[in-house]
Amino acid sequence: MALERILLSVGPDDWDSLDGLVDAAADIAEPAGATVYVLYVFPRDEYDDLLDQMGVDQTSGGLSPDEVAERHDSVRVPADRFEDRGIDFEIRGVAGGQPSDQVVRKVDEFDADVVVVSGTKRSPAGKAMFGDHAQQVLLNAPVPVLYVKQE
């Protein structure tokens, strides 16, 4: 299996694990010469708030989730690190919907060979009650998933 495309999933809960996520994706991408798709999964309310903060008129089409993601700190940090290491990357964004479903959908869209995710620490009961983004990606992604444990 040739490794050409890596999907790195980043969301609002991943700031503390961002270094580990970037390192894991870079460690895979660099020797393979793979492209990393840095995907920021916006909760709908965060996306709408960011558009308001930017003064974007949402009724006129506004900015796409990709364009908003390019301006987001949680994406600029990995982008800068990939650029420093000479790793090809693309910044993408998606807003609304169930985050795990969005990631799995983007796997197909980008034809990704592997997904890199992190998750919050939850008890088994917490996962059962509230769900777990990383667990759902692990169960539903059609490609291998690298899980980066948060410290």
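Read-outs throughout are calculated quantities, based only on the coordinates presented, and are distinct from any laboratory measurement. Since we're looking at a predicted model, the values are computed, not measured. Here the Cβ is made from the backbone with ideal geometry for all residues, glycine too, and neighbour counts use every protein chain on show.
Think of it as helices only: each DSSP H run of n ≥ 4 in the chain is worth -39500 (n - 2.57), and spread over all residues that comes to -13500 deg cm²/dmol at 222 nm.
Each Lys and Arg adds +1 at its Cβ and each Asp and Glu adds -1 at its Cβ; summed about the Cα centre, the stretch 5-149 shows a dipole of about 600 debye. Distance from the alpha carbon centroid of the stretch 134-151 to that of the stretch 72-120 works out to 13 angstrom. Filter the DSSP H helices in the chain by two things, a Kyte-Doolittle mean of at least -1.0 and an axial alpha-carbon span of 24 angstrom or more, and list the hits by number. Qualifying helices, which must be both long enough and hydrophobic enough, do not occur. For Val145, nonlocal amide neighbours, meaning residues 5 or more places apart or on other chains whose placed amide H falls under 5 Å from its own, are Val115.
Residues whose amide H falls under 5 Å from that of Tyr37, counting only those 5 or more places apart or on a different chain, are Ile6, Leu7, Leu8, Glu90, with hydrogens built in the peptide plane.
Per the Kirkwood formula on distinct C-alpha pairs, the Rh of the stretch 5-149 is how many angstrom? Here the Kirkwood hydrodynamic radius works out to 15.5 Å. Taking 0.36 nm per residue of sequence separation and removing the Cα-Cα distance, the Asp108/Val56 pair yields an extension gain of 15.7 nm. Here's the picture: charge each Lys and Arg Cβ at +1 and each Asp and Glu Cβ at -1 in the stretch 1-98, and of Ala25, Pro78, Pro12 the one pushed furthest to the positive end of that dipole is Ala25.
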